[in-house]
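The values are calculated or read from the model by the stated rules, or taken from the named source; none is laboratory data. Because the structure is predicted, anything quoted here is derived from the model rather than measured. Please note: Cβ atoms are built from the backbone with ideal geometry, for glycine as well, and neighbour counts cover all protein chains shown.
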Amino acid sequence: MKEIKKSLEFGGRTLTLSTGKVATQASGAVIAQYGETVVLATVVASDLTAELDYFPLSVEYQERLYAGGRIKGSRWVKREGRPSDDEVLKARLIDRSIRPLFPKTYKKDVQVIVTVLSVDMENDPVFIAPLAVSAAIEASTIPWYGPVGVLSVGLKEDTFFINPRESEVEFSDMDLVVSCTKDAIVMIEAGAREVPEEKILGGIEFAYKESQEIIDFIENFAKEVGNKKEEYAHKTPDPDLEKQVKKLVDAKLSDIIFRLAQKEGGAGDLNSLKEAVAQAVGEESAREAKDLVDVLLTKKIREMILAGKRPDGRKLNEIRELSSEVGVLPRTHGSAIFTRGQTQVLNITTLGSPSLGQLIETAEGEEEKRYIHHYSMPPYSVGETGRVGSPSRREIGHGALAERALLPVIPTEKDFPYAIRLVSEVTSSNGSTSMASTCASTLSLMDAGVPIKSPVSGIAMGLVIEDKKVAILSDIAGIEDFNGDMDFKVTGTKDGVTALQLDVKTLNLTPEILKDALIQAKEGRMFILESMLKTIKEPREKVSNYAPKIKTINIDPEKIGEVIGPGGRMIKRIIAETGAEVEVEDDGTVNISGMKSEDVERAISWIESLTKEVQAGEIYKGIVKRIQPFGAFVEILPGKDGLVHISDMSEGFVKSPEDVVSLDQEVEVRVKEIDNLGRINLSMILDPSHDKEKENGRMASRGNRQDRPHRRDFGSRKGRVERRSGESAGPHFPASRLIDSEKKVKRFNR
């Protein structure tokens, strides 16, 4: 196979696609490079070995740590493990972009594997990988209705721009990913900072227009490869059998549809009807007849909806009955139940210290998440039995959407220094549980006292298109999702959209239809939000009594060593004696957490005292730690002692420090001065004027030096000679005593 390589200037960077060099045994293999980010996409279609009633497509996304020049941080395990949540989400994005483009009757097992080979820290593989997959399928023999163009759109100051770099994402008001063909929108995923619907729509239209260049580029690349698409069987039902089955089921479908919508035994009735039809048509046509029952059921549902009547009897824009409740669990930090029709979610908020955030390791480096949302949907929520264990890809995806919906309103760590974990437990499901999770999360956060910027609600929209007939549905139920053409989830506040997710089963979705869906979704969101705010209007003023109390202070980074102490002894002592947890960041940010406010305040006071600059004139209550003949050392702050000289213990004469103070006694002292060596001199005489009186008195007692009689210079050479000769040094100071005094002075100086 010859090597083919083509390039395109797009978004200010060069996009390069190449094939024919690696993975030559795959049905299709393309290496895509954008900047210095490189991905390998392969696709393989296996031989058909069994008749299946579904399309067995699987998409795997693998981000190797070597792509960013990294080795796994684990001490024992160096191999990449199971896919991270981020890898699962990127795999789902690719899956949702390509799945609608395969023929419905194509049943071969198709596997797509994407391997990230290099990352440049600027160009996210989330844009490059779907394009590589699109090119690999288009250049293969596998039939489909592609190619698909995928690109991301940023928004700043009302200006859209293509494929924001990592450094540009932070200041963008919108992170929008759009997948589309030449004629239709296939997939949308977005996070936004309360962006109005008209701006969202403008971004989608901008992406649709810009992606046409990418689609043409992939088509030209595939033409140069030159592979011919394989033929496959287009099965059509036997007209006579279809008429026979329709006659058998037509009168019973309406009742079964209503019971399916209400989940009142409709599934059992449908299975019984299929068995009866199979017996009526005979064994040879039994399987095809059962499939025809499903086809006729779907056709009937769609006809009802296009006629303005939904399976459960609602109007097209009508939302099911709503109810909500907060504070439902006694010991959790926040909890809420949100119910919409037969969909119900219990959400629990847990608060912790910032160090309990989630550390994420990727090829681009490590990052920490302090706001986390997890989602669980056990089998009982749909009245079934099934596997229970690690979350499925669907659960990871639904949890991520609800997380993204609330991210723009979560307070910053500076305003709310907590790690926040939300868990959505789906207790009943018939319709969008991710949107119910968004609503329950908002209520739970407010119940926990998290000062969110604005409450968020969400709604799932549906669509049925037949020729020129269009029906847009608000708050779709499960039966409408399964038999409709679109699942469009929209979340937001009263001021704008915070997240979007669109999946389609049709290639007829146009920007005009999407605009109508967005307008109708806003009406539904506001209705749901109004109901939620009747339960709780705003976040509680305080966090739960069972939540840790956390405060943040900032200290001079140069003082961090004083808080930590030698070998960490000081910080360990603070934690042990106060019962609070202390976390010190390199920039001087200190997070103090504890179950009791008084423990936190004690730790804060201790840390502030360790880092406080003592000033002359300040008065402290200190503890006597040591007593010496010349005075006492008093601890005025943790780890900071000062000396009270014996002369500063009282205004009168003090013979011994023990006459005034004792060990561990609390005394009130004044800072006299801090000398040039940083030593703190204290006084138990709180009136600073005493220092001047004392100094004046000392000077007066010395008198005028000129009037004083001459004193023998015992330190002079003459004096030393006199002492050696044995002459008297004076009537009161014998030479032997003076010599001893000199030795004491020298010893003290050393």
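Every condition in (1) within 30 Å of Gln520 (Cα to Cα); (2) under 13 Å from the mean Cα position of the chain (by Cα); (3) aliphatic (A, V, I, L, M) is met by Ile452 except one, and the failing one is (2).
Among the residues of the stretch 322-350, write down those that are part of a loop (DSSP other than H, G, I, E, B), in contact (Cβ under 8 Å) with a residue 12 or more places away in the chain and over 19 Å from Gly478 (Cβ atoms).
Gly327, Val328, Leu329, Arg331, Thr332, His333 - these are the residues of the stretch 322-350 that are part of a loop (DSSP other than H, G, I, E, B), in contact (Cβ under 8 Å) with a residue 12 or more places away in the chain and over 19 Å from Gly478 (Cβ atoms).
The residue that is surrounded by the fewest Cβ atoms within 10 Å (Cβ to Cβ), among those in the stretch 675-691 that are modelled with pLDDT under 90 and of a type in the set (S, T, N, Q), is Asn676.
Which residue is nearest to the chain's Cα centre (by Cα), if the candidates are limited to the stretch 531-558 and must be crowded, with 16+ Cβ neighbours inside 10 Å and among the hydroxyl-bearing types (Ser, Thr, Tyr)? Only one residue fits best here, namely Thr552. Does Glu213 satisfy the condition of being part of a helix (DSSP H, G or I) and not assigned by TED's automatic domain parsing to the domain that holds Leu509? Yes. Among the residues making up the stretch 385-398, those that are closer than 20 Å to Ile348 by Cβ, assigned to a helix (DSSP H, G or I) and without any contact (Cβ under 8 Å) to a residue 60 or more places away in the chain are Glu395, His398. Within the stretch 213-258, take every residue that is modelled with pLDDT of 90 or more and of a type in the set (S, T, N, Q) and give me the one that is nearest to Met304 (Cα to Cα). Within the stretch 213-258, the match that is nearest to Met304 (Cα to Cα) is Gln244.
So, Ile204, is that one more than 30 Å from Met304 (Cβ to Cβ), surrounded by 14 or more Cβ atoms within 10 Å (Cβ to Cβ), assigned by TED's automatic domain parsing to the domain that holds Leu8 and in contact (Cβ under 8 Å) with a residue 40 or more places away in the chain or not? In short, no.
Yes or no, residue by residue, for (1) surrounded by 13 or more Cβ atoms within 10 Å (Cβ to Cβ); (2) within 21 Å of Val563 (Cα to Cα); (3) touching a residue at least 60 places away in the same chain (Cβ under 8 Å):
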site: Glu598; (1), (2), (3): no, yes, no
site: Ala603; (1), (2), (3): yes, yes, no
site: Glu608; (1), (2), (3): yes, yes, no
site: Val614; (1), (2), (3): yes, yes, yes
site: Ile627; (1), (2), (3): yes, no, no
site: Gly631; (1), (2), (3): yes, no, no
site: Gly652; (1), (2), (3): no, no, no
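Name the residues in the stretch 110-140 that are of a type outside the set (A, V, I, L, M, F, W, C) and more than 23 Å from Ala184 (Cα to Cα), would you?
Gln111, Thr115, Ser118, Asp120, Glu122, Asn123, Asp124, Pro125
List the strands (runs of 3 or more DSSP E) that sit entirely inside the stretch 15-97 and contain at least 3 residues that are hydroxyl-bearing (Ser, Thr, Tyr), touching a residue at least 60 places away in the same chain (Cβ under 8 Å) and not assigned by TED's automatic domain parsing to the domain that holds Glu395. Passing ranges: none, list empty.
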